[in-house]
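To start, the structure itself, in structure tokens.
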Amino acid sequence: MRLTRSSAFGLLIAVSAPVSARAQLSMDPAQWYINNQIYSTRVFNSTIGTSMASGVRAGASAGAATPRDVTAYVATTSVLPARLSQRSATTPEGRRTAQRMFEEQLQLYHATAKKDGFPSTDLAYAYTYFVVNHYLVAHDLIDVPIDRDPFLRSDRDGFERIELAAKKRAMQVDAMGERSVFEQLRTRLADVPAVRGMTDAEKQEAAESMAIAFGVNYRADLDGVMRGDEALASTARRVSREALERLLGQPIDRIRIGSAGLQP
């Protein structure tokens, strides 16, 4: 999923909580979850990141199941929104608001997977969603109204704005690049013993965690951009940079995504 289309922006706004609730919940749950949950799971390990970032495209071991069989899973009712809400608020009303917000992030995840032609019940897609969209947020490449676009704020005249808009489009991840990332990650994940040993429930939980963690940070970024809150938008960009660096094992300035996917 590449959050570069107005339809994705509209879907997120349509399910948004009031601004006051968004401001309260935008950052802390995402930061807590990224720092204390996602990177402590057995799927997120330096072997995956180092291999992908360095361009080593290991395939599944001889005789092993195909990547599709390894990363796909049969989903049941989501479990993380309710669990996370207990850690994100202290009052019943606050927990209900938090749970709705987390559920909305999963709605956005599944809806955009369908729109872009990807299987949402696949761990490789959850990784793709997490990587590609954090990349877009980290570099201010999300599509937003022109008058709010931080990528264009340095323009001094109409011609410079046109040049910056063209540069932004060139930097965004296209459909071929997103598909390439998906295939890279699906192949790489299938070669990791810990992933091959995961149950459907464990894959679903890992996928939900990535969808929610990115989604909450995405909302923070949009809130910051649309309200002119540079501190909030800057924090969202930092969270995205750190998420990519921790997962891929490389500094942000060495992480590139092109039509061939993640590039060494």
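The values are calculated or read from the model by the stated rules, or taken from the named source; none is laboratory data. Source: prediction; values computed, not measured. Cβ atoms come from the backbone with ideal geometry, glycine included; neighbour counts cover every protein chain shown.
Which residues, counting only those in the stretch 185-208, are modelled with pLDDT of 90 or more, closer than 16 Å to ALA82 by Cα and under 19 Å from the mean Cα position of the chain (by Cα)?
Correct list: GLN204, ALA207, GLU208.
Criterion first (β-branched (Val, Ile, Thr), in contact with a Lys or Arg (Cβ under 9 Å, 6 or more places away or on another chain) and at pLDDT 85 or above) does VAL137 satisfy it?
Criteria met by VAL137.
Taking the condition at pLDDT below 90 and under 18 Å from VAL131 (Cα atoms), does ALA243 pass?
Details: at pLDDT below 90: yes; under 18 Å from VAL131 (Cα atoms): yes.
It is true that ALA243 is at pLDDT below 90 and under 18 Å from VAL131 (Cα atoms).
Filter the stretch 121-139 down to residues that are of a type outside the set (Ser, Thr, Tyr) and not in a helix (DSSP H, G or I) and give me whichever is surrounded by the fewest Cβ atoms within 10 Å (Cβ to Cβ).
Restricting to residues being of a type outside the set (Ser, Thr, Tyr) and not in a helix (DSSP H, G or I), the top hit is HIS139.
Select from the stretch 88-119 the residues that are buried (at least 19 other Cβ atoms within 10 Å of the Cβ) and of a type in the set (Gly, Ala, Ser) and list them in ascending order.
SER88, ALA89, ALA98, ALA113
ALA211 is checked against (1) touching a Phe, Trp or Tyr at 6+ places or on another chain (Cβ under 9 Å); (2) more than 27 Å from ALA82 (Cβ to Cβ); (3) hydrophobic (A, V, I, L, M, F, W, C) and fails just one. What number does that condition carry?
Among (1) touching a Phe, Trp or Tyr at 6+ places or on another chain (Cβ under 9 Å); (2) more than 27 Å from ALA82 (Cβ to Cβ); (3) hydrophobic (A, V, I, L, M, F, W, C), ALA211 violates only (2).
For ASP143, state whether it is surrounded by fewer than 20 Cβ atoms within 10 Å (Cβ to Cβ), touching a Leu at 6+ places or on another chain (Cβ under 9 Å), closer than 28 Å to ASP253 by Cβ and modelled with pLDDT of 85 or more.
Judged against the criteria, ASP143 is a match.
Could you tell me which of the residues ALA166, ALA231, ALA201, ALA236 is in contact with a Gly (Cβ under 9 Å, 6 or more places away or on another chain), exposed (fewer than 15 other Cβ atoms within 10 Å of the Cβ) and not in a loop (DSSP other than H, G, I, E, B)? Even if it seems obvious, please write down each step before you answer.
Values: ALA166 fails: in contact with a Gly (Cβ under 9 Å, 6 or more places away or on another chain); ALA201 fails: in contact with a Gly (Cβ under 9 Å, 6 or more places away or on another chain); ALA236 fails: exposed (fewer than 15 other Cβ atoms within 10 Å of the Cβ).
So the residue among ALA166, ALA231, ALA201, ALA236 that is in contact with a Gly (Cβ under 9 Å, 6 or more places away or on another chain), exposed (fewer than 15 other Cβ atoms within 10 Å of the Cβ) and not in a loop (DSSP other than H, G, I, E, B) is ALA231.
Out of the helices (runs of 4 or more DSSP H) lying entirely within the stretch 49-120, which hold 2 or more residues that are modelled with pLDDT of 85 or more and over 17 Å from ALA201 (Cα atoms)?
On the way: elements: 67-71, 80-88, 92-116.
Where helices (runs of 4 or more DSSP H) fall fully within the stretch 49-120 and carry at least 2 residues being modelled with pLDDT of 85 or more and over 17 Å from ALA201 (Cα atoms), they are 92-116.
Are there any pairs with C-beta distances below 6 angstrom linking a residue in the stretch 163-190 that is within 16 Å of ALA124 (Cα to Cα) to a residue that is modelled with pLDDT under 90 and exposed (fewer than 15 other Cβ atoms within 10 Å of the Cβ), with the two at least 6 apart or on different chains, and if so which?
Cβ pairs passing all conditions: THR187/GLY59.
Looking for something touching a His at 6+ places or on another chain (Cβ under 9 Å) and touching a residue at least 12 places away in the same chain (Cβ under 8 Å) - is there at least one such residue anywhere in the stretch 130-145? Even if it seems obvious, please write down each step before you answer.
Step one: of the stretch 130-145, the residues touching a His at 6+ places or on another chain (Cβ under 9 Å) are none.
For the stretch 130-145, residues touching a His at 6+ places or on another chain (Cβ under 9 Å) and touching a residue at least 12 places away in the same chain (Cβ under 8 Å): absent.
Quick one: in the stretch 239-264, which of the residues that are in a loop (DSSP other than H, G, I, E, B) and hydrophobic (A, V, I, L, M, F, W, C) is farthest from SER180 (Cα to Cα)?
In this case the residue turns out to be ILE255.
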